[in-house]
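J.: Got a structure here, written out as structure tokens. Questions coming.
The values are calculated or read from the model by the stated rules, or taken from the named source; none is laboratory data. All figures in this text were calculated on a predicted structure; none of them were measured in a lab. When we count neighbours, we look across all protein chains shown, and the Cβ atoms used for this are built from the backbone with ideal geometry, even at glycine.
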Amino acid sequence: MKIVLSLEYDGCGYYGWQRQPDHLSVQSQLETALSGVAGRQIQVTAAGRTDTGVHALCQVVHFETNVKRPLNAWVRGANALLPDDISVLSASEVGGDFHARFSAIERTYLYYLLSRPSRPGIYHGKAGWVHYSLDLEKMQAAAEFLTGEHDFSAFRSSECQAKTATRQLIKLDIHQNQQFFIFEFCANAFLHHMVRNILGGLVYVGRGKYPPEWMQTLLARRDRTLAAPTFSPDGLYLSGVKYDARWGLPVFNVIRPLVAI
């Protein structure tokens, strides 16, 4: 059987999603819990690898097993063995050719950014922070230059292993709710650090360091050294993964504000 799970997690205590020999990861915690349910080793594959400190409202994974369990046993059994900051939300059975990563057609990330003079307390690790004010309209104007299919070389990490930097950014919406700015990124796929690098550029525009047209210049120059530094991971959440309806899976998409925003 091939089982698909959705899960949420707080990334503050982990060195990212991917299993690592010397560091605690979300993947290793989930695999340990699922192996306990199955009574044998389980390995999972995720829709996307989140970095150190990055959270997930709706990560999607798949695994294969010959062990038969009711679907709700994978949810409740894993949650009984997982730490409190990781929770399995749902389980589905799917055809053998499904792949959590390669079958995904869209991914959505949210970034919550607090703009105020004092650093976050309650939202420490859960939201990014700048101590200065930001111009929403200028950032929205800058975002318009980024949507569509582009070469995002100026916004990829030097460690990125993708064969091409061309991606289709389907949506980049920015909203303000009092002192919080909420950024929604939706693309067919993302490069390593792409969201955080774009966010750094938008913040530069929002504080008045560059005009909105600067983003268009960065796209054209394709030079990472000309762009803004990589922004903090604290407020970044993987919030949705979209699959073709033929798989018969539930909608894996969670768009919601942080508590009290």
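J.: For region 160-219, how many residues meet the condition of being out of contact with any strand residue (DSSP E or B) (no Cβ under 9 Å at 6 or more places or on another chain), surrounded by 15 or more Cβ atoms within 10 Å (Cβ to Cβ) and of a type outside the set (V, I, T)?
T.: Residues that pass the stated criteria total 14.
J.: List the residue pairs whose Cβ atoms are under 8 Å apart, where the first residue sits in region 149-160 and is polar (S, T, N, Q), the second is in a loop (DSSP other than H, G, I, E, B), and the two are 6 or more positions apart or on different chains.
T.: These pairs meet every condition: S153/A165; S153/R222; S153/D223; S157/L191; S157/H192; S157/H193; S157/T230.
J.: Does L34 count as touching a strand residue (DSSP E or B) at 6+ places or on another chain (Cβ under 9 Å), in a helix (DSSP H, G or I), more than 18 Å from K68 (Cβ to Cβ) and without any contact (Cβ under 8 Å) to a residue 60 or more places away in the chain?
T.: No, not satisfied.
J.: Which one of the conditions (1) surrounded by fewer than 17 Cβ atoms within 10 Å (Cβ to Cβ); (2) modelled with pLDDT of 95 or more does P21 fail to meet, given that it meets all the rest?
T.: (2)
J.: Among strands (runs of 3 or more DSSP E) lying entirely in region 104-215, which contain 2 or more residues that are hydroxyl-bearing (S, T, Y) and either in contact with a Gly (Cβ under 9 Å, 6 or more places away or on another chain) or at pLDDT 95 or above (or both)?
T.: 104-115
J.: Could you list, in sequence order, all residues of region 228-251 that are farther than 21 Å from G53 by Cβ and not basic (K, R)?
T.: Listed by number, the residues that qualify are Y243, D244, A245, W247, G248, L249, P250, V251.
J.: Follow-up. Tell me, which residue of region 45-65 that is touching a helix residue (DSSP H, G or I) at 6+ places or on another chain (Cβ under 9 Å) and in a loop (DSSP other than H, G, I, E, B) is farthest from V195 (Cα to Cα)?
T.: Restricting to residues being touching a helix residue (DSSP H, G or I) at 6+ places or on another chain (Cβ under 9 Å) and in a loop (DSSP other than H, G, I, E, B), the top hit is T65.
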